[in-house]
Every structure is written in C-alpha cells, then in structure tokens.
Amino acid sequence: MSALPTIFVSHGAPTLAIEPSPARDFLVALGRDIDARFGRPAAVVAVSAHWETSVPAASIAASPATIHDFGGFPDQLHRMRYAAPGAPTTAQEVVRRLTAAGVEATTDRDRGLDHGAWVPLCLMYPDADVPVTQLSVQPSRDPRHHHRIGEALRPLREEGVLLLGSGSITHNLRELSARPAEEAPHVRQFVDWIAERAAAGDAASLLDYRRLAPHAERNHPTDEHLLPLFVVLGAAASQRLRRIHASVTFGSLRMDAFEAD
C-alpha cells in the first residue's frame with residue numbers, strides 16, 4: 001500500500017447523509033477512489049470540528065456510539081447508526097506520537113462519533129468496515145497548534161491510516177440563504193484565496209488566514225470548523241493541498257474538499 005493521502009472535507013448539515021447534493025455524490029465517490037488508488041485504509045483518524053477539548057483527545061472506544069449532536073432534522077437521521085469498529089490501537093499511537101512531539105494529549109474511553117465524523121464516513125465507507133478513532137480540536141488554540149498536530153501524525157499515513165479532517169471551509173450559520181445555489185461574493189473570494197494559497201504551498205499565509213484572507217471573520221466568526229484543515233495541512237509533506245471538490249449550499253456554506261498527496 002502506498003502512503004495514504006490526507007483529506008479535508010466540508011461536512012455541511014447532517015442532512016448530507018440522506019439528501020441528494022453534489023457534495024454527497026463526491027463523498028460517495030471519494031471512498032471508492034481511495035480504495036482504487038491506495039487500497040482500503042487500515043484505520044481512519046477523523047478530526048472533527050464537533051469535538052472540542054482543551055488538549056487533543058483520541059477516542060479509544062472499541063465500538064464508538066453514533067452521536068446525534070443536532071436537532072430539528074428528520075427522524076430518519078436520528079435513527080441512523082454508523083457501527084464502524086473503533087481503532088483503539090491507532091488512537092494510542094496518535095497520543096504517543098503527539099506526546100513525543102511535545103504536544104500534550106490524552107485518550108477518551110467513551111467518545112463516540114459525532115456527525116462531523118459519521119456523516120462523511122457513512123458515505124465514503126457505507127459498510128462501516130473501516131476502524132475509526134476520532135480526534136478532537138482545540139478552539140482555544142491557534143492554527144499553528146493544529147498544524148503541529150498534523151506534522152506529528154504524518155507518519156501514520158505510511159502505516160495505512162487515513163487522516164480525515166472534517167469541518168467546513170466556510171461556516172457562518174447566520175448568513176444561510178433560502179436560495180442555496182446563490183453564492184455570496186464574499187464566500188467565493190474567501191474560498192478562492194484558501195485554494196490558491198493551499199495550491200501554492202503557502203502554509204505561512206494559511207496559518208495567518210484570519211489576518212490575511214478576505215472576509216475571514218465573516219466566513220468564520222469562530223474558527224473551529226476550519227481547524228481540521230490545518231491538521232491536514234500539517235500532515236502534508238509538500239505543504240500543498242489541491243482542491244478536489246467545490247460546491248455550495250444554503251448560499252454561504254461551501255462544501256469544498258482538499259487533498260494532499
């Protein structure tokens with residue numbers, strides 16, 4: 001098996017799991033594409049924007065529960081279960097590597113999979129046959145901290161582990177529109193800046209995105225949904241990310257995805 005890529009996906013609303021959309025089609029194809037190019041991953045480390053802790057925590061649950069951390073959505077979503085096995089050995093290795101890199105980290109025995117993890121994974125690997133552990137983000141820490149996490153975990157890619165960052169390339173829920181296809185100009189300008197800097201390998205600018213990117217605070221009033229991108233960037237040996245999907249929903253919620261070889 002070749003070293004697996006590291007990938008950032010925008011997980012959008014939980015309805016992504018059940019409603020047709022370009023982003024849903026992309027995620028279904030993504031799992032097949034990874035299998036075809038690299039073989040089935042031995043495990044997934046899912047870095048979700050929806051698990052926030054003061055220090056990085058990796059779940060060692062043997063059978064992670066499906067967390068329905070949302071409300072106001074169809075009952076069908078609340079009935080869904082993603083019964084993938086846990087990856088406690090991988091989780092312990094995550095903590096070992098972070099600690100060796102000088103990053104304080106811990107494990108969590110009970111944490112299941114929130115929708116930032118199980119929604120994209122149920123589309124990528126619908127048979128729930130790939131072991132998965134979830135890794136938390138630290139909203140109190142900056143992008144550089146998360147980039148450092150990615151650097152420490154980069155060698156796991158050589159061991160057949162897929163590092164999957166799951167957040168949102170834009171995330172201002174106050175500006176969602178009833179006309180989903182009508183993308184706001186400030187959204188497009190921000191995402192294009194991210195894509196251009198990522199393709200150029202300009203990690204320094206990306207890590208300082210809040211000061212340099214156009215409309216950064218408008219697109220991310222808080223930046224927890226972009227933090228998984230910096231883990232993915234850190235795990236990229238070339239420090240370059242290429243955009244592998246682009247679409248929009250609800251006018252201001254972009255669903256872009258990025259991959260590092």
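Could you grab me the full set of residues in the stretch 61-88 that are within 20 Å of THR15 (Cβ to Cβ), of a type outside the set (S, T, N, Q) and in contact (Cβ under 8 Å) with a residue 40 or more places away in the chain?
Correct list: ILE67, HIS68, ASP69, PHE70, PHE73, PRO74, LEU77, MET80, TYR82.
Out of the stretch 61-94, which residues are over 30 Å from PRO155 (Cα atoms) and assigned to a loop (DSSP other than H, G, I, E, B)?
Passing the criteria: HIS68, ASP69, PHE70, GLY71, GLY72, PHE73, PRO74, MET80, ARG81.
Report whether or not VAL103 is assigned to a loop (DSSP other than H, G, I, E, B), at pLDDT 95 or above, closer than 24 Å to ALA237 by Cα and open to solvent by less than 60 Å² (accessible area, probe 1.4 Å).
Working: assigned to a loop (DSSP other than H, G, I, E, B): yes; at pLDDT 95 or above: yes; closer than 24 Å to ALA237 by Cα: yes; open to solvent by less than 60 Å² (accessible area, probe 1.4 Å): yes.
Taking the combined requirement at face value, the residue satisfies it.
Among ARG111, ARG97, which is modelled with pLDDT of 95 or more and assigned to a helix (DSSP H, G or I)? Steps first, please.
On the way: ARG111 fails: assigned to a helix (DSSP H, G or I).
Checking each option against the conditions leaves just ARG97.
Which of (1) without any contact (Cβ under 8 Å) to a residue 60 or more places away in the chain; (2) open to solvent by 60 Å² or more (accessible area, probe 1.4 Å); (3) acidic (Asp, Glu) is the odd one out, the single condition ASP35 does not satisfy?
ASP35 satisfies every listed condition except (2).
Here is a check on your reading of the model: is ALA58 in contact with a Cys (Cβ under 7 Å, 6 or more places away or on another chain), touching a residue at least 40 places away in the same chain (Cβ under 8 Å) and either of a type outside the set (Asp, Glu) or buried (at least 16 other Cβ atoms within 10 Å of the Cβ) (or both)? Let's see the steps before the verdict.
Working: in contact with a Cys (Cβ under 7 Å, 6 or more places away or on another chain): no; touching a residue at least 40 places away in the same chain (Cβ under 8 Å): yes; either of a type outside the set (Asp, Glu) or buried (at least 16 other Cβ atoms within 10 Å of the Cβ) (or both): yes.
For ALA58, the condition - in contact with a Cys (Cβ under 7 Å, 6 or more places away or on another chain), touching a residue at least 40 places away in the same chain (Cβ under 8 Å) and either of a type outside the set (Asp, Glu) or buried (at least 16 other Cβ atoms within 10 Å of the Cβ) (or both) - is not met.
Considering only the stretch 25-54, state which residues are part of a helix (DSSP H, G or I) and in contact with a Gly (Cβ under 9 Å, 6 or more places away or on another chain).
Step one: list which residues in the stretch 25-54 are part of a helix (DSSP H, G or I), which gives 25-38.
Across the stretch 25-54, the qualifying residue is only PHE38.
Report every pair of residues separated by at least 6 positions or lying on different chains whose Cβ atoms are under 8 Å apart, first residue within the stretch 197-220 and under 15 Å from ARG254 (Cβ atoms), second modelled with pLDDT under 95 and of a type in the set (Asp, Glu).
Pairs that qualify, where the first residue is under 15 Å from ARG254 (Cβ atoms) and the partner is modelled with pLDDT under 95 and of a type in the set (Asp, Glu), are ARG218/GLU175.
Residue under question is SER166, and the condition is that it be out of contact with any helix residue (DSSP H, G or I) (no Cβ under 7 Å at 6 or more places or on another chain) and touching a residue at least 60 places away in the same chain (Cβ under 8 Å); does it hold?
In short, no.
Would you be able to say whether some residue in the stretch 167-185 is in a helix (DSSP H, G or I), surrounded by 19 or more Cβ atoms within 10 Å (Cβ to Cβ) and under 17 Å from the mean Cα position of the chain (by Cα)?
no
Which residues, taken from the stretch 194-212, are open to solvent by less than 40 Å² (accessible area, probe 1.4 Å) and in a helix (DSSP H, G or I)?
ILE194, ALA195, ALA198, ALA203, SER205, LEU206, LEU207, TYR209
Those residues that are among the polar types (S, T, N, Q), modelled with pLDDT under 95 and over 14 Å from THR170 (Cβ atoms), I need them from the stretch 205-250; list them, please.
SER238, GLN239
The values are calculated or read from the model by the stated rules, or taken from the named source; none is laboratory data. What you are looking at is a predicted structure, and each value in this text was computed from that prediction instead of being measured. Glycine gets a Cβ as well: all are built from the backbone with ideal geometry, and neighbour counts include every protein chain shown. What goes into the accessible areas is simple: the full protein's heavy atoms, side chains included, and nothing from ligands, DNA or RNA. Shrake-Rupley method; radii C 1.70, N 1.55, O 1.52, S 1.80 Å.
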